[in-house]
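These notes concern the structure reproduced below.
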Amino acid sequence: MAIVFRAARAYPRRNPMTFAYLLVIVAGLLFLTKVLSGPAADHLKITISTNPHNMAHDPLAVLLASPLFAATDSGLLSHLLIIAGGVGVCMAALERRVGAVRTAAVFLLANTVATAVATSVAAAAIHSGRYPAKWWDGYDYGISYGVLAIAASVTPLVPSVPLVPRAMRLLWAAGVFAYPFVSAQWFGLLPNFATIGHETAAACGLAAGYFLMRDGAAPTPVPRTPVPAVAAPPSAPSP
């Protein structure tokens, strides 16, 4: 118990960006579910959604606002996997390995690329009649694109086993890429655009992780609290 308590106390210092983002996520969930009324919360969700309509009219605002709010319709298991596992564990591990700036860059870049790909597919599929027309300006917000990219990016950090050194990393990566298909909707051979976005984000994260942690790439040291120097006692006078 003492070890867990010490680890919890050290967590904000060792993972400052991840800890701050966890606070933002929790605050966003409380704001949507406890502070705003139902209609007001629904209006905010639509406003920050990265649907084709919003991406065509105000892409920068929704790209920045959407990852600040976790989806309120997700179940407890999904929140545990995405928030606790994806952010609390994976993002913290990446931050300690490559630093806060590079971790944020992986998250934001993957989220942007995945959103652009997903909304482009959605727009084309809606116009062709493959997707429902209501998806043009429907709900599509949350943290999952960026978090899935982070989960994929830590694949090089997964411990290896002696006989099959790459097996655990392959299983981890396969699990990350398989996760979006658990709740995928299919329209013939075409999955829903959120699944396409998640797969794109995972691919971006995996590539970024191996690039940042390639051979020769030095890890970013974790800042430590300086220990004040203790002055040496004065030497005794010579006789």
- Along each of its three principal axes, how wide is the spread of alpha-carbon positions in the stretch 59-114, in whole angstrom units, largest first? 31, 30, 15
- Heavy-atom surface of the chain, accessible at 1.4 Å and reported per residue (Å²): 57
- On the accessible surface of the chain, probed at 1.4 Å with all protein chains in place, carbon and sulfur together account for a percent value of 71
- Message: Restricting the calculation to Cα positions, tell me the Rg (one decimal) and the Dmax (whole number) of the stretch 137-215 in Å.
- Response: 14.3, 51
- What ranking, highest mean first, results for peptides 97-105, 52-60 when packing means the other Cβ atoms within 10 Å averaged over each residue? 97-105, 52-60
- So, relative contact order of the chain in percent, Cα under 8 Å, 6 or more apart, is 24
- When only Cα pairs under 8 Å and 6 or more residues apart are kept, what is the percent relative contact order across the stretch 1-108? 35
- Query: Taking only the alpha-carbon positions of the stretch 1-150 and ignoring solvent, what does the Debye formula give for the base-10 log of I(q)/I(0) at q = 0.20 Å⁻¹?
  - Reply: -1.27
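The values are calculated or read from the model by the stated rules, or taken from the named source; none is laboratory data. For clarity, every value in this text was computed on a predicted model and none was experimentally measured. When we count neighbours, we look across all protein chains shown, and the Cβ atoms used for this are built from the backbone with ideal geometry, even at glycine. With ligands, DNA and RNA removed, areas are computed over all heavy atoms of the protein, side chains included. Shrake-Rupley method; radii C 1.70, N 1.55, O 1.52, S 1.80 Å.
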